[in-house]
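Notes for the one structure printed next.
Rule-based calculations on the coordinates, nothing more; no lab input. Worth saying up front: this structure is predicted, and the values here are computed from it rather than measured. Neighbour counts run over all protein chains shown; Cβ positions are idealised from the backbone, glycine included.
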Amino acid sequence: MNAREHGADARATLREGLIEAALQAGAAIQRHFYAGFTVLTKSDDSPVTAADHEAEAIILAALARLDPTTPVVAEEEAAAGRTPQVGQRFYLVDPLDGTREFVRKGTDFTVNIGLIEGEEPTLGIIYAPARADLFVGDVTAGLAWRSRVAPGARVGGRKPMRVRPPGDRLTVLASRSHRDPGIEAYLEQVPMGDRIASGSSLKFCLVAAGEADLYPRTGPTMEWDTCAGQAVLAAAGGRTVGPDGETFRYRKPGYLNGAFVATGGYDAPVIGPFTKP
C-alpha cells in the first residue's frame, strides 16, 4: 500500500468514526427531547440543556480515540472557558446547533462536527436526529452525500449531493431564530424567488443538496456554528465567502464569525460586514 492509499484509508476511518460519534450524540439528544429537560441560560443569554452537555461529551470522547493529538474547540467547553491552543489543524464541535429550536420542540437542530485544515473546513458531519437526516462532506476526498438514518442508527443509502445551477429566481434560506434587517438590504441585490425559513446548519445542507441557492448571514455566529456546514457545502461544489469576497476562513479572534454568504451555483454579490454586539 502506498502512502497516498494509506492516507485515504486513514481519512475514511476518521470520517466513519465521526459519523458514528454524531449518531450516538444524536441518540442522546433525542432521549432528552422525549424525556424532558431543564433549560439553563449561559452568560451570553443563549440556552443550554443537559442534551448539549451529554452530546458534547460523547463527541469529545470519540475524538480522543480517533485523533488524540488534534485540538478540539467545542461550544460548551468554550463557554466554560476551556479552549485549547490550536494550529493549522483542529476540530470545531457544536453538539446541539439550534438549541432554541430543540427547546421549543422543533426539528431543525443538528449535531455538527467539523475539521479545519489550513484555516478552511475540509470535513463536515451534520446529523439532524429529529429529521433522521445525515449530511457528510469531505473536501479532501472529493465526496458529499446525504442519507436517511433508520431506527437503531442504521445509515441508509448514501445519495451524492451537488449544488444546482441558478435559475432566473433564487431560493433563499433565512434563519427562524435570527432576523436581521441587513439581510433585507442584501437580498435587494439578488433575483429572489422563494424564501424558506430553516434553522441551524441545515441551511448549508439544503444549498449543498441543490434544494436552495443562497444563505446570507449578516448577524454574528460562532465558528462551531458554521464549520461543518461550510465543509459539506464546499464538498458539494458550493462556496462560503466573507465581506472580502474570499473563502470564509477560521481561527478568528474568539472564534467569532462576521458576515458571510453561502452559495451554490450562483455568483453571489459580496455581503457587507455586520456591527459587532
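Determine the shape class of segment 1-122: with a ≥ b ≥ c the square roots of the Cα gyration tensor eigenvalues, call it rounded for a/c under 1.5, and otherwise prolate if a/b is greater than b/c, oblate otherwise. The shape class here is prolate.
Report, in whole Å, the centroid distance computed from the Cα atoms of segment 197-211 and segment 114-184. Between the Cα centres of segment 197-211 and segment 114-184 lies a distance of 6 Å.
Three semi-axes describe the equivalent ellipsoid of segment 45-116; taken as square roots of 5 times the Cα gyration tensor eigenvalues and ordered largest first, they are 23, 12, 11 Å. Debye-formula intensities of the chain, expressed as log10 I(q)/I(0) at q = 0.07, 0.09, 0.10 Å⁻¹, are -0.22, -0.38, -0.47 (one equal scatterer per alpha-carbon, no solvent). Comparing V86, V72, V139 in a Gaussian network model of the chain, where Cα atoms under 10 Å apart are tied by springs, the biggest mean-square fluctuation is seen for V86.
When the alpha carbon gyration tensor of segment 126-277 is reduced to an equivalent ellipsoid, its three semi-axes come out at 25, 17, 15 angstrom, largest first. In this structure the amide hydrogen of K42, modeled in the peptide plane, comes within under 5 Å of the amide hydrogens of V48, none closer than 5 places in sequence on its chain. Of the GluC sites (Glu not before Pro) found in segment 148-241, the ones in coil according to DSSP and having at most 13 other Cβ atoms within 10 Å of their Cβ are E188. Of all the C-alpha pairs in segment 229-268, what % are more than 11 Å from each other? Cα-Cα pairs of segment 229-268 separated by over 11 Å account for 63 percent.
Charge dipole of segment 166-239 (Cα centre as origin; +1 on each Lys and Arg Cβ, -1 on each Asp and Glu Cβ, all else neutral): 100 debye, rounded to the nearest 20. Using all pairs of distinct alpha-carbon atoms, the Kirkwood hydrodynamic radius of segment 58-185 works out to 16.9 angstrom. Residues in segment 251-266 carry Karplus couplings, in order, of 6, 7, x, x, 6, 8, 7, x, 5, 7, 9, 9, 9, x, x, 7 Hz; the curve used is 6.51 cos²θ - 1.76 cosθ + 1.60 with θ = phi - 60°, and Gly or Pro positions show x. The dipole here belongs to the chain: it is taken about the Cα centre, uses +1 on the Cβ of Lys and Arg and -1 on the Cβ of Asp and Glu, and is about 560 debye. What fraction, in whole percent, of alpha-carbon pairs in segment 132-217 exceed 15 Å separation? Summing the P(r) of segment 132-217 above 15 Å gives 63 percent of all pairs.
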